[in-house]
C-alpha cells in the first residue's frame, strides 16, 4: 500500500543557531575535514594561531602534529565535520590546509556526512555477477557453518549486524570505515562498554568473534574496491590490511582465489564492475584531495546513485529528514513517501527499509527512546526550506561531537511537537484572538494525552472567542480537531488502534463510536473507502 505524504509546510521561523564546539575528547584522533556551509568557524591546534573559516571554506586537519584540537563555531553557523577513511593519511595532505569548496561540491559533502552516520548503501555494479564468481566450484566456505544454518549461505553478503547497542555502534563504524584499526579495548572505551562485554555481544549476536567479524567486513569492502577497478595495493590500505600480502592471504582463504585473480576474472564478466556508495565516495574524495592541493579543479561530482538501507529494526525511534529529492520508508507492505522537506519519525522495533532516489539526500535529526515518545506508526511533518540550515545543525549536533555545550538531545522532540501542532491547525478552523489561538495550539500539542486537552484552564473570554471565531464551543472544537486528525491518519494508512492512541483515546470502541458520530462511518470503513479511491 502506498502512503503519500500530503503535509503542507510548517509555520513559523526556525530558532537561532547557537555556537558549537568540538574538542579533542569529542572525536577520534583522525584526519578531519571541516566544511563551513554558512557562518564562520575557528580552528585551533595546541597554542598555534587560530584559523578562521568563512562560508564556503574548508580545512583539512591532519591526524598528526598536535596534542589538543578545538573547533568553535560562531552563532548562526552550519559546519560539517567529515572524517575521511583511516587510510587517508598515506595519500592526503600532511599540513593544516585551508581550501575553497566550489558550490557544485556542497550537496555532495552533505551526502558524504549522511553516509558516515547512517547505514545507507547502494550499488552501481552487479553484485550478482560478483557473487556468482565467488561461488564458483572450488571456492571455500567464507564463514564457519553454524548448527542449523544452511551451509550454502553466501559469505559475499555483509556479516550479520550485532543487536546489542555498543556492539552495533562498533559494527556500523567499521562498516563505514573498515580501515579503522582500534583495539577491542579502545572500541569498548568509545561505546562505554567493557572489552569482555563487547566480545561476548559480537559472538552471541553474530556467531563470529570480533576479529572474525572485522575480517569479513574488510574483505567485503575489498570486493567493492576491486570491482571498482582499484589496484590490490590501494585496496589493502583502504580496507585496513597492513600489506598486500596480508590481504592476499585473507582473500584467498575466504574465496579460494587471490585479489588479482578475482579482478582479472571480474573484467571478463559484463556488468560486474562499477561503483558502490563506498567506492564512489572514495573516488570523489580523491578528487577533493586534488582540489585541495590546487593541482587542478576537478569537475563537480555527480550525486551518488539511489541508495537504501538493509531491512533492519532500531531499538529507538529515529527522526529522518529529506533535505533534497525524495525517498521512501517501507514497513511491511506499506510504503510511506518521503518528499523534500518531510521529516519522518521511524518507530522503534519495526522492521523497515529506508530508501533514497537518485540525486536525493536525507539527514538524521535525532533519536527518542520509547519512554520519551509513544509511537506505533510513522509520524511525518513537512518543514519549509527556511528551516534547512537549522535542521542541518540539528543533524550535526545529533550525530557528531560538534554541538553546543548545553546540547539536549531531547530538544528535537519539542521542536517536532511544535511543527505537528502547526500542521494540525490546518485541519480545523483556528481562532484569531491571540490568547484563544494559544489555547488551541496547546490543545493540538497535547492531543495524544488521554483527557489532556481538557486540562487547559481557560476563562470566559477564551470560550467566547472560540464560539465567535470558529462557530464551535471549545469542547466541540477539541472533538472536531481529534476527529479530523484521526481522518488524516487513517487516510495515511495507520491502523485504527494506533490512531485511537495517537489522539488520546485509551479504548478502541470509544474512539470508533466517536469517529462514527462525527464522520458517519466507522474508522475501518473510512480507511477502506480512502484506499479504494487511491488505487
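Quick note: the coordinates plus some simple rules give every number you see, no bench work behind them. Fair warning: this is a prediction, and the values are worked out from it, not measured in the lab. Note: ideal-geometry Cβ built from the backbone for every residue, glycine included; neighbour counts use all protein chains shown.
According to the Cα-based calculation, Rg over Rh for segment 428-533 is 1.01, with Rh computed by the Kirkwood formula. Once the chain from residue 532 to residue 186 is taken as fully extended at 0.36 nm per residue, the excess over their C-alpha distance is 119.0 nm. Remark: 103, 19 ranked as 103, 19, counting other beta-carbon atoms within 10 Å and listing the fewest first.
Highest mean packing comes first when the peptides 404-412, 331-339, 71-79 are listed by Cβ atoms within 10 Å, giving 71-79, 331-339, 404-412. Note on residue 467/residue 38: beta-carbon distance plugged into 1/(1 + (r/R0)^6) with R0 of 56 Å gives a FRET efficiency of 0.75. Full extension of the chain between residue 405 and residue 249 yields a length gain of 51.4 nm, computed as 0.36 nm times the residue separation minus the alpha carbon distance.
Highest-first packing order for the peptide set 459-466, 246-253 is 246-253, 459-466, based on the mean count of other beta carbon atoms within 10 Å.
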